[in-house]
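The values are calculated or read from the model by the stated rules, or taken from the named source; none is laboratory data. All values derive from a computational prediction rather than experimental measurement. As a convention, Cβ positions derive from the backbone with ideal geometry for all residues, glycine included, and neighbour counts pool all protein chains shown.
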Amino acid sequence: MIKLFGVYISKAVVLLAVIEILIFFASILGAFYLRHEFGGDPLEISDQTLKNLPATFSVIMFSSLTALGLYQKGSMASSSGFLLRLILGFLVGGTIMAFLFISLNLFPVAERPLLTQGLIISLLGILVARTLFVRVTSDKTLKRRVLVLGVGINADRIEESVKAKDTVGIVVVGYVNLGDRIELIDEERQIVKDQTLLEISNRLAVDEIVVAVDDRRKKLPNHELLECKIKGIQILDLLTFFEKELSIINIDLLYPSWMLYADGYRQRALNRTIKKTFDMSVGIVIFVFAAPIMVLVAIASFIESGGRDPILYNQVRVGKNGKLFKVYKFRSMRTDAEADGVARWASKNDTRITKLGGFLRKTRLDELPQIYNILNGDMSLVGPRPERPEFVLQLSNDIPYYLQRHWVKPGLTGWAQLLYPYGASEEDAKRKLEYDLYYVKNASTMLDLVILLQTIEVVLFGKGAQ
């Protein structure tokens, strides 16, 4: 795997993305060629447009597919789900391209069929590329071969992830028994250490070794591990393995020195300035485009309540470094939702949510007033979701490292919102914190952009809403 824009991505997915960008580029050139060779009249297009259009088309279409989650792990697990996302991706990208064609008047009317032809050619190309990709990547010989040291509780965490197909880019060749007190790995999956680790690794063609013994104080074969590392085999501890494969920082395994010595957790002044500029610029653009929608939501809310209830509501939340601020949202619950003064999480089929509120939550339109919080500097576009002080007090007492999520500004959307469903319990908060800590560790402007693009998929498919 390689780390790109703060995210660990398999080399196969990176190769797929490059191939599909080239397909988009070649599709427009192919459409040019077909119309030039078989269209009769010569094309009425400037040389500069001919040079710029394929690149523009590639960037927009690739961004559209990214926004629909087509480069996420598991995006092709369901054929129907993949086709739906692909069609929506092409509709979004094609609409943007058509808008550019018309608004910038890039093409004479007679040449605008080029866009349709380019879309058709690229769609066929993407379908062929994805079909081949599934067939090739399903071959175990092309996956990273992992050897695990340990057969106990920690080793079983890896085995469960493999069974759940969370670690799709690897195949675990076996678990070396180093004498863990508890043995949870089936005997047929265990490897007796009757050779050196290098000999075992060479015999099994191992690419990575993951140290997953339960007792870290237990003497490890460090000399043998170093020998393997010198020979080109990657050595990982369990925390780093889960960070790479699951995009989380596993709290159950986390210890302070790992955070101290691991890469990341750096917030340089330049990065903070870039992020603030990015937040302000994109926030203004979102406000301009969302203003008509917010007006319609306000009118709908006024009509639903007959003008009796407020359209907006504010609530105190915890921001960066524990600073309290008021977050603004469109009201989606009854005004007596917490009449007894007790703070409660929203739950599935929550009876406190109004009919309009259910729609607003499903489409995330209730979050739009938080653009004010972004422009005011209390929030960022991307970051951990801000939580209520009552919950923060409770969760910080019960969950280790919970307060570390406040090292960055809270966000309108975030890594946890993309990869974990809506949480309505302490256990959910713990699991979401693992994604939040991953974001805090790997935060960058490019990661923010990736999250914003993929948030479109969350909104379109209503993932995680309550």
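If I ask for residues that are on the phi < 0 side of the Ramachandran plot and touching a residue at least 60 places away in the same chain (Cβ under 8 Å), which ones from region 291-324 would you list? Reasoning before the result, please.
Of all residues in region 291-324, those on the phi < 0 side of the Ramachandran plot come to 291-305, 308-320, 323-324.
Answer for region 291-324, where residues must be on the phi < 0 side of the Ramachandran plot and touching a residue at least 60 places away in the same chain (Cβ under 8 Å): Ile293, Met294, Val297, Gln315, Val316, Arg317, Val318, Gly319, Lys320, Leu324.
Working only within region 199-224, note down all residues that are assigned to a helix (DSSP H, G or I), crowded, with 17+ Cβ neighbours inside 10 Å and either without any contact (Cβ under 8 Å) to a residue 12 or more places away in the chain or touching a helix residue (DSSP H, G or I) at 6+ places or on another chain (Cβ under 8 Å) (or both).
Let us first name the residues in region 199-224 that are assigned to a helix (DSSP H, G or I), namely 199-204, 222-224.
Then drop every residue that is not crowded, with 17+ Cβ neighbours inside 10 Å, which leaves 200-201, 224.
Of everything in region 199-224, those that are assigned to a helix (DSSP H, G or I), crowded, with 17+ Cβ neighbours inside 10 Å and either without any contact (Cβ under 8 Å) to a residue 12 or more places away in the chain or touching a helix residue (DSSP H, G or I) at 6+ places or on another chain (Cβ under 8 Å) (or both) turn out to be Ser201, Glu224.
Report yes if Ile456 is within 13 Å of the chain's Cα centre (by Cα) and either farther than 26 Å from Ile274 by Cα or part of a helix (DSSP H, G or I) (or both), otherwise no. Full working, then the answer.
Details: within 13 Å of the chain's Cα centre (by Cα): yes; either farther than 26 Å from Ile274 by Cα or part of a helix (DSSP H, G or I) (or both): yes.
Yes.
Taking into account only those residues within region 30-47 that are more than 24 Å from Thr95 (Cβ to Cβ) and assigned to a helix (DSSP H, G or I), which is modelled with the highest pLDDT?
Result: Tyr33.
Is it the case that region 366-385 has a residue that's in contact (Cβ under 8 Å) with a residue 40 or more places away in the chain, surrounded by fewer than 18 Cβ atoms within 10 Å (Cβ to Cβ) and in contact with a Phe, Trp or Tyr (Cβ under 7 Å, 6 or more places away or on another chain)?
yes
Output the residues belonging to region 154-177 that are at pLDDT 90 or above and either part of a strand (DSSP E or B) or aliphatic (A, V, I, L, M) (or both).
Across region 154-177, the qualifying residues are Ala155, Ile158, Val172, Val173, Gly174, Tyr175, Val176, Asn177.
If you go through region 277-288 one residue at a time, how many are without any contact (Cβ under 8 Å) to a residue 40 or more places away in the chain and under 24 Å from the mean Cα position of the chain (by Cα)?
In the first step, residues of region 277-288 are kept if they are without any contact (Cβ under 8 Å) to a residue 40 or more places away in the chain; the result is 277, 281, 285, 288.
If we keep only those that are under 24 Å from the mean Cα position of the chain (by Cα) too, we end up with 277, 281, 285.
Matching residues across region 277-288 total 3.
Residues Arg308, Arg361, Arg268, Arg344: which one is more than 30 Å from Asp237 (Cβ to Cβ), within 28 Å of the chain's Cα centre (by Cα), loosely packed, with under 15 Cβ neighbours inside 10 Å and modelled with pLDDT under 90? Don't jump to the end; show me each part of the working.
On the way: Arg308 fails: within 28 Å of the chain's Cα centre (by Cα); Arg361 fails: loosely packed, with under 15 Cβ neighbours inside 10 Å; Arg268 fails: more than 30 Å from Asp237 (Cβ to Cβ).
After applying the criteria, what remains is Arg344.
Looking only at region 255-276, count every residue that is within 13 Å of Lys441 (Cβ to Cβ) and touching a Ser or Thr at 6+ places or on another chain (Cβ under 6 Å) and tell me the total. Reasoning before the result, please.
To start, the set of residues in region 255-276 that are within 13 Å of Lys441 (Cβ to Cβ) comprises 258-267.
Right, trim to touching a Ser or Thr at 6+ places or on another chain (Cβ under 6 Å) and you get none.
Total meeting the criteria: 0.
So which of Glu367, Glu387 ends up being assigned by TED's automatic domain parsing to the domain that holds Ala291, touching a Lys or Arg at 6+ places or on another chain (Cβ under 9 Å), modelled with pLDDT of 90 or more and within 16 Å of Leu324 (Cβ to Cβ)? Write out each step before concluding.
Working: Glu367 fails: within 16 Å of Leu324 (Cβ to Cβ).
On inspection, the qualifying residue turns out to be Glu387.
Among (1) closer than 25 Å to Asp436 by Cα; (2) in contact (Cβ under 8 Å) with a residue 40 or more places away in the chain, there is one condition Ala269 misses while meeting the rest; what is its number?
Going through the list (1) closer than 25 Å to Asp436 by Cα; (2) in contact (Cβ under 8 Å) with a residue 40 or more places away in the chain, Ala269 breaks only (2).
With respect to the numbered conditions (1) modelled with pLDDT of 85 or more; (2) surrounded by fewer than 18 Cβ atoms within 10 Å (Cβ to Cβ), which one is the sole condition not fulfilled by Ala262?
(1)
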